Amino acid sequence: NAGVTQTPKFQVLKTGQSMTLQCAQDMNHEYMSWYRQDPGMGLRLIHYSVGAGITDQGEVPNGYNVSRSTTEDFPLRLLSAAPSQTSVYFCASSYSLEYNEQFFGPGTRLTVL
Amino acid sequence: GEDVEQSLFLSVREGDSSVINCTYTDSSSTYLYWYKQEPGAGLQLLTYIFSNMDMKQDQRLTVLLNKKDKHLSLRIADTQTGDSAIYFCAVRAGNNRKLIWGLGTSLAVNP
């Protein structure tokens, strides 16, 4: 199993550009989520999904969209990038919402100029 | 609201024990977790404890839970340089199943 994969590893955007961060898992997990990690702020939940076709907002959803058309994939879209979205983004998955272990991807380091 | 607090930094000598502490506010928390993040990598679950347990031991790791004081600790015995990482405490809230994260404790192990 590859586990949770994320692409790209690094990305630089200009303000106003759009892009999609990719996340895929091959463990047949129902629950997937996106976090951002910023110095001094810890991990903050952006969006999550409890299964294909079902998504919901986390604590910092503004400026981000998600969709879940398959169990495997959970892309995160930035519609119009802002410098405040400079961060490291982690995708995570687990068997279910209540399941103990979340598996994290390696992260995408995004810089918005 | 629900909150999880950790000290931000800890420095120990190689071979000593490390104790990383965490306090939380939600008394109905069910599961409490310790995750490890190595430089440039994602988080990895180290261990977890259910709220009806006081202690859990797993090789060099010992987790202690004091429910009365809402205090969780992670002890790493015989700390090695490979243990240098950020350690996150996370608590699953009892009512809404949300996972609440601490800010992480950066552990530095000096040779």
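Okay, here's what the table says:
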| quantity | calculated |
| --- | --- |
| Shielding by partners - mean other protein chain Cβ count within 10 Å, residues of A:104-110 | 3 |
| Backbone HN-Hα couplings from phi across segment A:47-62 [Karplus 6.51/-1.76/1.60, Hz, Gly and Pro as x] | 9, 8, 9, 9, x, 4, x, 10, 9, 8, 7, x, 8, 10, x, 5 |
| Gaussian network model of chain A, Cα within-10 Å springs - most flexible of A:Thr70, A:Thr20, A:Thr86 | A:Thr70 |
| Ranked A:His47, B:His71, criterion: other C-beta atoms within 10 Å, fewest first | B:His71, A:His47 |
| Rounded Å value of the spacing that divides the Cα centres of segment A:15-40 and segment A:42-91 | 6 Å |
| Cβ neighbours within 10 Å from other chains - mean over B:77-84 | 0 |
| Karplus (6.51, -1.76, 1.60) ³J(HN,Hα), θ = phi - 60°, over segment A:78-90, in Hz, Gly and Pro reported as x | 9, 7, 8, 4, 10, x, 5, 8, 4, 5, 9, 10, 10 |
| Residue among A:Gly42, A:Gly63, A:Gly53 with the largest mean-square fluctuation in a Gaussian network model of chain A, springs linking Cα atoms under 10 Å | A:Gly42 |
| Residue mean of other protein chain beta carbons inside 10 Å, A:38-47 | 3 |
| Relative contact order (%) - chain B, alpha-carbon pairs under 8 angstrom, separation at least six | 38 percent |
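Laboratory data are not the source of any read-out in this text; all were calculated from the coordinates shown. Just so we're clear, the structure is a prediction, and the values are computed from it rather than from any experiment. Every residue, glycine among them, receives a Cβ derived from its backbone with ideal geometry; neighbour counts consider all protein chains shown.
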